Structures are given as C-alpha cells and as structure tokens.
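FYI, it's all coordinate maths here, none of it is from the lab. Keep in mind that what you see is a predicted model, and the values were worked out from it rather than measured. Cβ: placed from backbone, ideal geometry, glycine included. Neighbour counts: every protein chain shown.
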Amino acid sequence: MQIFDVIVIGGSYAGMAGALQLARGRRNVAVIDAGIRRNRFAEHSHGVLGQDGKPPAQIAAEAKAQLLEYPNLTWIEGRVESAEKAGDLFTVITSDNQTLNAKRLLLATGVSDHLPAITGLQDRWGKTVFHCPYCHGYELNQGSLGVLAVSEASVHQALLIPDWGPTTLFTNNCFTPSELHQQQLAARNVRIETEAVSEIAGEQSAIVKLANGRLVELAGLFVASLTKPASPIAYDLGCELAESPVGFYVKTDEFKQTTVPGVYACGDLGRAMGSVTFAIGDGALAGFAVHRSLIFDGLPA
C-alpha cells in the first residue's frame, strides 16, 4: 500500500500552489481534482501578476502541466467521497472507489457562491454580474455601475465601487440605510435605489428591472455572493468553521492548519476573502507549513 506524504484535495490555484512547494520539497504528493474552478464563469482573469488578462482555464492548464513534470507528484481526476483519520494516517476514498492514504491532508476544495434568487442573475454571473471590482472593475471603463445588496454589509462594497464608475446601491428590501450610511454613501456620490429588483437582463450590459417597471442599464452589477465550503469533506473531518459577513470558511491558524491536527486548508476554503492571487499565496504558505510539519513533528521532543 502506497502512503503519500500529502494528499491535496482540490487542484485549482491554491491546491496546485501548495502541491508545487511539496513536490519541490521532494515529498510524495497526490492531487485529487474534480476540475471545477470557482472562476470558471469568467472569460478572463485580471489582477494576477504576470497573468493579467489570461483566460482562467489557460492559467490553470499551464500550472498543471508544470506540476506534472515532477515525478513525485500523482494527479488524480475525480472527486473525494470521504476522508477520515485512521491511526496515524488519513484515508481518502475517491468517486471511483480508489483508496489512498497519507500522513497529511491539504484541503483546497474552495467555496460555492450563492446568489439572491432574482431571475437572470445567475445566468450573467462572471459576464456582467461580478463580485470583485479589483478583478473586473477596470474593464468596465468607468461606466455606470450598480451594487445589489444582500445585507447591510453591502454598504461597504458600495463605498468601494465609485472608483470604477458612477454607482447605484440597490437595497432590494434587504435593509434600510442608517443616517450614517446615507452620509457615507453621499460622500462617495452613491445613489440609493430602494425599489425592489425583479430581474436582471441584457447581454453586453446589466439591465436591472425594478418592480415598478423601470429599467436601469449598467456597465456592470456587483453583488457579494454568500459562500459556503464547496465540499463536505472539511465538515466530515470535524474542521471548525469561521464566519465572515458573506459566508463560511474553514478556520485555520497562521500556518494554515485547521482545528484537526494534520489537516490544512488553503485558498478560498481557508480564508474570508478570495481571489486568484490570494489563493496562490495561501496555497504556497500551506505547502511550506505542511512540509515543515512533516519534518519537525517527527523529531524527538
């Protein structure tokens, strides 16, 4: 029975960044990847140093090709069905009934985005509806922009967006802006629209249809999706979760270890804010930390 030093569950940007450090540390690594990236809806990935404007699939494919050059790395296409601690090892079972064992687990399964139930919103996710102005704002060329509220926390997003274009905050019956909110929004020239949103339409632009029949055409609409771990594996292993204003992620220490010894989490799964750049850096940190744990945890105390 082959025992890997580390099994990385999730082969997107964070998982590959962690696997790269471990492979270069000459450890035997298995990456199990279901092939579903969070940014698969976006045509281009912006704000990534050295990769600005490339299609996300191209960035991922090039990274994977480089990883496969390491003979001590095994890439497995598939989904992890279960993972558990068995003595000093972790046992992982894949969707095609492969059983793998490892000394450490690195979880990089990402999070799933949950949008308000508004007709047309999901269909335009990553096209004219976005979550991150740093990733998509510049390309909107200072056109009219909107923020669709999901909670009071959306005020923070609305205060950011005017740097990329004139902004309207659609409160959509989620909350009533306080007097302080109104003062802050006015200081940033953000218009407040209290009429409920009934539908999002348009192909080259985001057309917001209001309940009273009025249409508001925008270059882009921003919304903070609510997130939760995309895979139940972290729950199954007993990892503690943390909560941010926009959802849940796996709680880790400064070296990316979860509350379960030997289990690490990185990327969007293991942090409150997500981006490709953060995922790569977070994965690299986790890779370093897992490698160090394999060395120092085995030394005499």
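Between SER151 and GLN183, take the C-beta separation as r, use R0 = 25 Å, and let me know the FRET efficiency to the nearest 0.05. Walk me through the intermediate numbers first.
Working: r = 20 Å, r/R0 = 0.78.
My answer for the efficiency is 0.80.
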GNM on the chain, Cα springs under 10 Å; top mean-square fluctuation among ARG24, ARG124, ARG271 goes to ARG24
The aspartates and glutamates whose Cα lies under 15 Å from the Cα of LYS54, excluding any fewer than 8 residues away in the same chain, are GLU43, GLU62, GLU139
Residues of the stretch 237-255 with backbone N under 18 Å of the label point set 7 Å from the Cα of PHE41 along Cα→Cβ are 246-248
Each label sits 7 Å from Cα toward the beta-carbon; between GLN204 and ARG26 the label points are separated, in nm, by 5.8 nm
Computed about the Cα centre, the charge dipole of the chain from +1 Lys/Arg and -1 Asp/Glu charges at the Cβ has a magnitude in debye, to the nearest 20, of 420 debye
Computed over the chain, the relative contact order (Cα-Cα under 8 Å, seq sep at least six) in percent reads 21 percent
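With an 8 Å cut-off on Cα pairs and a minimum separation of 6 or more residues, tell me the relative contact order of the stretch 170-246 in percent.
Working: 68 pairs, mean separation 14.9, N = 77.
Once normalised by length, the contact order is 19 percent.
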Listed by chain and number, the residues whose amide H is under 5 Å from that of THR74, excluding neighbours fewer than 5 places away on the same chain and using placed H, are VAL29, ALA30, VAL31
Applied in sequence order to the stretch 295-301, the curve 6.51 cos²θ - 1.76 cosθ + 1.60 (Karplus, θ = phi - 60°) yields integer Hz couplings, x standing for Gly and Pro, of 7, 7, 5, x, 7, x, 7
Among ALA224, HIS44, ALA17, the residue whose Cα sits farthest towards the positive end of the charge dipole of the chain (+1 at Cβ of Lys and Arg, -1 at Cβ of Asp and Glu, taken about the Cα centre) is ALA17
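Under 10 Å from the Cβ of ASN28, count the other residues' Cβ atoms, weight Lys and Arg +1, Asp and Glu -1, and hand me the total. Provide the component values of the computation, followed by the final result.
Numbers: positive: ARG26, ARG27, LYS103; negative: ASP5.
Computed value for this residue: +2.
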Given pairs LYS228/LYS256; LYS64/LYS256; LYS127/LYS256 and cut-off 27 Å on Cα-Cα distance, the over-length ones are LYS127/LYS256
The chain: longest segment with zero exposed chymotrypsin sites (Phe, Trp or Tyr not before Pro), where exposed means DSSP loop plus at most 15 other C-beta atoms within 10 Å, is residues 1-174
The stretch 95-247: antiparallel bridges as % of DSSP beta bridges, rounded to 5, reads 45 percent
Options [x] 132; [y] 118; [z] 142 are given for volume of the Cα convex hull per residue in Å³, and the computed one is [z]
Over the chain, the sum of -39500 (n - 2.57) across DSSP H runs of at least four, divided by residue number and rounded to 500 deg cm²/dmol, gives at 222 nm -7000 deg cm²/dmol
Listed residues ASP268, ASP96, ASP123; largest mean-square fluctuation, Gaussian network over the chain with Cα springs below 10 Å, found at ASP96
Quick calc: nm separation of the 7 Å Cα→Cβ label points for MET1 and GLN58 -> 4.5 nm
So, for the Cα atoms of the stretch 233-301, Rg and Dmax in Å stand at 12.6, 43
